1. Which value, in nm² and rounded to one decimal, describes the direction-averaged projected area of the C-alpha convex hull of the chain?
2. Skipping prolines and chain starts, which residues have an amide H placed within reach, meaning under 5 Å, of the one on Thr228, given they are 5 or more residues away or on another chain?
3. Whole number in Å², please: accessible area per residue of the chain, 1.4 Å probe, ligands, DNA and RNA not counted.
4. From the phi of every residue in region 142-155, what ³J(HN,Hα) in whole Hz does the Karplus formula 6.51 cos²θ - 1.76 cosθ + 1.60 yield, where θ is phi - 60° and glycine or proline is x?
5. If DNA, RNA and ligands are ignored and the probe is 1.4 Å, what is the ranking of Tyr300, Tyr25 by accessible area, most exposed first?
6. Return P(r) of region 1-56 (all Cα-Cα pairs; 10 Å bins starting at 0; whole %; ordered from short to long distances).
7. Subtracting the Cα-Cα distance from 0.36 nm times the residue separation, let me have the gained length for Glu211 to Arg266 in nm, one decimal.
8. May I ask for the Kirkwood hydrodynamic radius of region 220-264, worked out over all distinct Cα pairs and given in angstroms to one decimal?
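The values are calculated or read from the model by the stated rules, or taken from the named source; none is laboratory data. Keep in mind that this is a model prediction, so the values were computed, not measured. Glycine gets a Cβ as well: all are built from the backbone with ideal geometry, and neighbour counts include every protein chain shown. All accessible areas refer to the heavy atoms of the entire protein, side chains included, with ligands and DNA or RNA removed. Shrake-Rupley method; radii C 1.70, N 1.55, O 1.52, S 1.80 Å.
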Amino acid sequence: MEFKDYYDIMGVKRDATQDEIKRAYRKLARKYHPDVSKEPEAETRFKEVGEAYEVLKDPEKRTAYDQLGANWKSGQDFRPPPDWDQGFEFHGGGFTGADPDQFSDFFESLFGRGGFGGAHARSSRREFHARGEDSHAKVLIDLEDAYRGTTRTLNLRHTELGPDGRPRLAERNLNVSIPKGIRQGQHIRLAGQGGAGTGKGGPGDLFLEVEFHPHSVYRVEGKDVYLTLPVAPWEAALGATVKAPTPNGAVDLKIPPNSTSGRKLRLKGRGIPAKEPGDLYVVLQVALPKADSESAKAAYAAFEKALGFNPRAHLGV
């Protein structure tokens with residue numbers, strides 16, 4: 001997927017005001033409108049300009065896009081970091097008069113087809129008494145938080161226009177209760193923490209989409225948790241009872257005799273808690289001791305002589 005430099009497409013500087021961006025769009029839209037333009041590839045350029053404007057005219061999308069940094073160049077191979085929008089608060093704007101089918105894969109990888117706010121977004125209303133917009137943010141928590149439940153202080157960033165007409169970041173901290181058993185992709189609803197209402201309209205809600213920090217030991221799939229557990233050759237061959245870590249503390253795990261690398265052992269109900277809890281799967285990985293001493297080398301030589309084992313026999317060699 002190719003990175004798109006929206007500022008370059010619009011022909012504006014990265015510190016352009018919102019008014020400057022609007023004027024640039026009007027000029028380019030007239031120049032490349034396919035109904036009147038005689039420019040080469042006018043339709044393609046018109047779509048590119050429309051996509052760039054969809055991001056840069058929205059202070060929230062623009063500020064989020066700017067978080068990717070200014071070092072990317074148009075055409076470079078690009079994959080958005082999984083946590084690039086973590087803690088960034090978006091209100092329910094969605095697309096404003098644009099056809100999402102015209103947008104590139106690059107746009108969709110960052111903002112999706114529905115814009116920020118997802119299924120919870122409400123369009124802005126201009127009546128005197130109007131409920132505030134809902135807002136949406138992705139937050140990262142530890143896997144252990146989902147096992148036990150906890151309260152976390154989360155730092156959220158949102159965008160506001162400064163007096164110079166340029167978007168700027170503002171921050172706020174919220175104490176949030178993380179419920180036991182929450183899974184990746186689920187939302188925590190904070191009533192009244194969204195955008196302010198007008199008149200007698202109440203504030204909107206804030207929806208926090210939960211993701212887990214990458215873990216050095218565990219991998220998560222839905223409610224199930226996976227652990228790769230190193231075992232010694234003799235433990236795998238003869239069977240043994242070994243200590244295995246879990247997010248709720250170490251347990252005694254029985255290794256069946258003649259186990260091999262990749263064997264999967266299931267610990268029922270030790271995944272993420274729920275009415276029907278997930279499971280914890282232990283994937284065995286046979287670890288070989290180093291032959292870094294004379295005694296270790298002698299032990300390996302005796303091992304080879306005693307077993308006469310050829311791991312490639314099934315290949316006919």
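1. In nm², the orientation-averaged hull projection of the chain is 26.1.
2. Val283
3. 58 Å²
4. 7, 4, 4, 4, 6, 6, 10, x, 6, 10, 10, 8, 9, 9
5. Tyr300, Tyr25
6. It works out to 25, 54, 20, 0, in whole percents.
7. Working it through step by step, the gained length comes to 17.4 nm.
8. By the Kirkwood definition, the hydrodynamic radius is 11.5 Å.
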